[in-house]
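Coordinate-derived values only; no laboratory data. As the structure is a computational prediction, the values presented were derived from the model and not from experiment. Positions of Cβ are backbone-derived with ideal geometry, glycine not excepted, and every protein chain shown enters the neighbour counts.
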Amino acid sequence: MIAQNEHFYVTGDSVVQGATFACVNASGRIENNVSVRQLDSIYNQTDSTNIGFTYGRPWRPTRQHPSMPTFASDHQLIDALYHMALDDVAKSIDSSGRLTKGQNISRLYCSIYLALAYLKPSQSMSTLRALVDKDTIIMQQEGLWPVVNDHIGWAIAAWEVYQSTGDHNWLRYSYRAIQKTMAINQQVLTDHTTGLMHGGGYASPSVLAPHHLSWMGYNDLFSCISLGNNILAYRAYQILDQMAEEIDDDHEDYALQATHLKDAINQHLWNEDRGHYSSFLYGLAYRMQAPTTDNTSQAMAVLWDIADDDRAENLIAHTPVSDFGVNVTYPPSTAIEPYFANPSWATTQALWNLAAATVGNENALRRGLGALLRAEAFYASRDIHIAGSTVDQLGEGAGMLAMLFRVIAGITLKPEGIEFHPYVPTGLPGEKHIGNFRYRDATLDITLLGTGSEIQSMTMDSKPMDAPFLPANVQGHHQLTIHLQPAGQSTGRITRHHGEVLLPTTPDVKWPMPSDSGIICNYRPSASYWLMVNGQRFGRITDSVFAIPQSEQLIECAVLLQGRYGESFISRPYLRFAATPQVAMLPDSSTTSSSLVVNVKVQRGGDYLIDIGYLPTGTLDVRKIAVNNHLAGTVVMAQDRTSTLRYSNMLMVKLLRGDNTIEITPIALPKPYTPCTPRLLRVITL
């Protein structure tokens, strides 16, 4: 038995869930009796959204991939899904020989990292080259940067390609692109209060993005600080450090920058009470952790050692997962099972399984592997999906291939060679053979015997090896045999949820009403509401109309709804000023190249908030702010349908008693744009 839970079980040749089944026939094709009508009935009863499911073309084995490795085991289902994954990859290569990018670049980067860097290195390299312009990684959805900024995920894919190929021309090319892009990101995205990087909002679904709250505009999304983008930035600094060592470059201390970012992630985004990371920070003047976690990013935090000490084990053990797999974000906002809820689910589940193997949690690994096998056999084999939705075929294929090569065979690429860390769960006994695995100048045939994660012995061409490591200069055709130490009972804690844990509705609050009060427009008398002040719970709200507290200091108010299993996102925040903001009118600026300088005088030195009032132009204007010749951060002046005065995101700055000089300088965006018209600088007393 590969995996078993209350809902289904997976054997070597089938998946059974009540009367629903999938099995492999004599020709290697997956047959199942999954009914679209049944899915329609189930989900339209349990979810408020009217969902429709549709079939695509059923999978038929082609077995025509001579350049790809072969895989054979005692488990027909896994063998069939392996061939289906190869077909998915083959169908995702366009006529130019590049991988199909689709609408979401971050999923492409994850697919290359998971499997394609070593299975399709030349296609991966060509695809990544097409995403660089003038030695700078192209920002995803140009015109939305820096609000959308997960483009630095390019680095993890590029580094994996180098480790696979050893191509030093590619190494130098990648080094320049990552170096230049990170220099721009550091200047534009750095939050000088936390040391983290801004952004992570999105205009279309992303692997590494927070929920898009209805009250958030682009300025609010830029103010967010997402777990995913900061983990990618941390990893990019690590990769720059490793690349610099490979080419003997007298570089900046990228390792130190990575350490600072790691410390900031663990300080501001780790939630000790819940035992996992928050997906992002949000708010206006006082940031608070979002009530959700992003499991794609959490898995990466484990894989790249951000979750240090006992955090990694706790994260895998305490993050709730359902029998049908890990949710892309938790708590989920819908009752739909994870496979259908997000096109990136296969990527998330594959990374989660890798993370579970990394911390040695076999229970989590077996459950995650079972969920992936079930979804692929039930749905992907017949292309069953929600009508009108996109299917990440490349991500599904790469995720399945990663389970076999990265987890079961334990292939771990390093600049100096391949390390082997196999993890064969208890439910997968028997022999497993990988043939024609191409690595640089070598071709490898790999045989794994037994189960477990401890190597008892390893041979190459029948000769014992001193360590489970193959140097990068290996050449020719070789036979590797790995004998695993017999495994005992599966170990490792997991936390289950059963699909009933849903994210409560975000309160819709109108600020302010007469008599210094607010009103909850979607108020429910039976629900439990809390007034948040400066990111902390202030008191319960027992009516749709509630009082805003008085204070001699600036306060930020918001409302959240406490549900049975968790809390909602906060409502749109409201700032009550301690004093009337000081306003400095800005000189006219009609070009993107001109800087604006304004003098501000305050009676008391200390922390202040500043923002810019501007007239929108229908594009995105980004400017950096320097206070007394010290960079203070970046403001975004985003598009808006109105022609009335709008305000940028806020920056926390230190002003000196007396006169202060504030300089506002445009930043070049990836595409030409029409600048906004900044009208005033607002200085807000805390």
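Things worth noting here:
- Axial C-alpha extent at least 15 Å, average Kyte-Doolittle at least 0.0 - helices from the chain (DSSP): 76-91, 154-165, 345-359, 362-378
- Modelled spin labels at Asp445 and Glu272, positioned 7 Å past Cα toward Cβ, are 5.6 nm from each other.
- Contour minus Cα-Cα distance for Arg657 and Arg57 (0.36 nm per residue): 208.9 nm
- Annotation: amide H of Ile2 within the under-5 Å range of Val10, Thr11, Gly12, sequence separation 5 or more or interchain, hydrogens built in the peptide plane.
- Among Val161, Val602, Val188, sorting on how many other beta-carbon atoms sit within 10 Å of each Cβ, with the fewest leading, yields Val602, Val188, Val161.
- When the pairs Lys510/Lys601; Lys624/Lys654; Lys101/Lys432; Lys91/Lys432 are compared against a 23 Å limit on Cα-Cα distance, Lys510/Lys601; Lys101/Lys432; Lys91/Lys432 fall above it.
- FRET efficiency, Asn436 to Asp305 (Cβ-Cβ, R0 30 Å, nearest 0.05): 0.40
- Cα centroid separation, the range 620-653 to the range 331-374 (Å): 39
- Shape summary of the chain, radius of gyration then Dmax from alpha carbon positions: 26.6, 85 Å.
- FRET efficiency estimate (nearest 0.05) - Cβ-Cβ, Thr674 to Val545, R0 51 angstrom: 0.75
- The antiparallel fraction among DSSP beta bridges confined to the chain stands at about 90%.
- Length added when fully stretched, Ala26-Ser515, from 0.36 nm per residue minus Cα-Cα: 168.4 nm
- Point-to-point label distance, His168-Ser462, nm (Cα→Cβ direction, 7 Å offset): 3.8
- Distance (nanometres) between label positions extended 7 Å along Cα→Cβ at Ser214 and Glu245: 5.1
- Among the GluC sites (Glu not before Pro) within the range 473-579, those in coil by DSSP and having at most 16 neighbouring Cβ atoms inside 10 Å are Glu500, Glu552.
- Annotation: amide H-H contacts under 5 Å for Thr677 (H modelled 1.01 Å from N, sequence separation of 5 or more, or interchain): Leu615.
- Within the chain, longest stretch clear of exposed trypsin sites (Lys or Arg not before Pro) (DSSP loop, no more than 14 other Cβ within 10 Å): 135-492
- At R0 = 45 Å, FRET efficiency that the Cβ-Cβ distance of Arg604 and Glu252 yields, to 0.05: 0.75
- Amide H contacts for Lys432 (H built 1.01 Å from N in the peptide plane; partners 5 or more residues away or on another chain; cut-off under 5 Å): Leu448.
- Residue-averaged 222 nm ellipticity for the chain, from DSSP H runs of 4+ at -39500 (n - 2.57), nearest 500: -8000 deg cm²/dmol
- Length added when fully stretched, Asp135-Ser643, from 0.36 nm per residue minus Cα-Cα: 179.2 nm
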